[in-house]
1. Pick out the one residue from Glu84, Glu116, Glu129, Glu145 that is in a helix (DSSP H, G or I) and within 30 Å of Gly35 (Cα to Cα).
2. Taking Leu82 as the residue in question, decide whether it is modelled with pLDDT under 95, out of contact with any strand residue (DSSP E or B) (no Cβ under 6 Å at 6 or more places or on another chain) and surrounded by 14 or more Cβ atoms within 10 Å (Cβ to Cβ).
3. Given the criterion in contact with an Asp or Glu (Cβ under 8 Å, 6 or more places away or on another chain) and surrounded by 16 or more Cβ atoms within 10 Å (Cβ to Cβ), identify the matching residue among Ala60, Ala41, Ala98.
4. How many residues are without any contact (Cβ under 8 Å) to a residue 12 or more places away in the chain and either in contact with a Leu (Cβ under 9 Å, 6 or more places away or on another chain) or in a helix (DSSP H, G or I) (or both) when one looks only at the stretch 47-62?
5. What number goes with the only condition from (1) touching a Pro at 6+ places or on another chain (Cβ under 6 Å); (2) under 16 Å from Val40 (Cβ atoms) that Phe96 does not pass?
6. Please go through the stretch 72-81 and pick out each residue that is in a helix (DSSP H, G or I) and over 16 Å from the mean Cα position of the chain (by Cα).
Amino acid sequence: MLVRFDKQERLYKAIKLVRPIHLNVHRSIEQMLKGAGISVAERAVLELLCVEPLTVPEAARRLSMKRQFVLRVVVGLLEKGLLEKQPNPEHRRAYFCAPSAAGRDLFAAIHRRELELLHAVLGDINQTEVVVALRVLTRIASAFEELASALGAPEGAQLP
């Protein structure tokens, strides 16, 4: 007996896995950060700002977090000496946030430990599987980002 492959049902099953994956990754990172002096949210902001200095509103958009929450996280990282303010020539009040040397060093150490853990628990996944997973997750993330924007649009806006 042939079983029909329903692509939408399989995608739905994949999307259903996102929440438990997110929660368990969050819990694991939380445990790994014990003794590092930063929270999971601080780690996420620090990681983003290690790639390039951003303003708080830009960082909030990229992380899909509320601006006020990111601002509180940034203030905490500034107080810990892990971030520093840089002037923004385009806007006097919206400064750029950049990691300090201590912030870069801390994130590099945390990231190294995370990569070691990934190798230990998921080292059997081959390169092709990783590339396909990234492609699928990127498409899902983009589609739902667009959908969320469209659903948050003023009344009368057309959904894709």
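The values are calculated or read from the model by the stated rules, or taken from the named source; none is laboratory data. Just so it is clear, the structure is predicted and the values come from calculations on it, not from any experiment. Here Cβ is always computed from backbone atoms with ideal geometry, including for glycine, and neighbour counts include all displayed protein chains.
1. Working: Glu84 fails: in a helix (DSSP H, G or I); Glu129 fails: within 30 Å of Gly35 (Cα to Cα); Glu145 fails: within 30 Å of Gly35 (Cα to Cα).
None of the others qualify; the one that does is Glu116.
2. Numbers: modelled with pLDDT under 95: no; out of contact with any strand residue (DSSP E or B) (no Cβ under 6 Å at 6 or more places or on another chain): yes; surrounded by 14 or more Cβ atoms within 10 Å (Cβ to Cβ): yes.
Judged against the criteria, Leu82 is not a match.
3. From the options Ala60, Ala41, Ala98, the qualifying one is Ala98.
4. Of the residues in that region, 4 qualify.
5. Status for Phe96: all satisfied but (2).
6. Within the stretch 72-81, the subset in a helix (DSSP H, G or I) is 72-79.
Listed by number, the residues that qualify are Arg72, Val75, Gly76, Leu77, Leu78, Glu79.
The rows are residues; the columns are (1) touching a strand residue (DSSP E or B) at 6+ places or on another chain (Cβ under 9 Å); (2) in contact (Cβ under 8 Å) with a residue 60 or more places away in the chain; (3) not in a helix (DSSP H, G or I).
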| position | (1), (2), (3) |
| --- | --- |
| Ala94 | no, no, yes |
| Phe107 | yes, yes, no |
| Ile125 | no, no, yes |
| Ala133 | no, no, no |
| Leu137 | no, no, no |
